[in-house]
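I have placed the structure first, in the form of structure tokens, so that the comments after it can refer back to it.
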Amino acid sequence: MPFFENRAHGGTLGSLASYLMTSDFKSVVEIIQNEMTLEQKKQFTNQIGKLFQGIQLKDAAAGMVLLASKKNLKGAVITEMGNYFRNELGLSFL
């Protein structure tokens, strides 16, 4: 498999390129952990949780397996995350 076809490598390279191109780069994890208020975290969780309505999950591991196996669900989660950060927090993406 070519290096750039692996999403993990692509995400890492994209993050590194963004960091090098701008002085105010923050990862999504950093934003969630350090920048969002408790109310924003609850709102974000509720918004993402709507994508999983009607799906019975017994634990987080089952959710990760589901995301890994359902590309359309993974895409919906990523899109919804981007929408929240853009619309609710006013952040932009490179």
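All of the numbers you see were taken from the coordinates with simple rules; none came from a lab. Quick caveat: nothing in here was measured; it's all calculated off a predicted structure. Quick reminder, even Gly has a Cβ in these numbers, built from the backbone with ideal geometry, and neighbours come from all protein chains shown.
Spin-label model, Lys74 to Gln40: label points 7 Å out along the Cα-to-beta-carbon direction sit 2.8 nm apart.
Mind scanning Lys26/Lys71; Lys50/Lys74; Lys41/Lys74; Lys26/Lys58 and naming the pairs with a C-alpha gap bigger than 23 Å? Can you show the working numbers first?
Details: Lys26/Lys71 26 Å; Lys50/Lys74 13 Å; Lys41/Lys74 20 Å; Lys26/Lys58 32 Å.
Over 23 Å apart, Cα to Cα: Lys26/Lys71; Lys26/Lys58.
Computed from the C-beta positions of Lys58 and Ser27, the FRET efficiency with R₀ = 30 Å rounds to 0.55.
Computed over the alpha-carbon atoms, segment 26-87 gives an Rg to Rh ratio of 0.98, Rh here being the Kirkwood radius from the mean inverse distance. In sequence order, segment 72-82 has phi-based couplings of 5, 6, 4, x, 5, 5, 4, 4, 5, 4, x Hz under the Karplus curve 6.51 cos²θ - 1.76 cosθ + 1.60, θ = phi - 60°, and Gly or Pro positions carry x.
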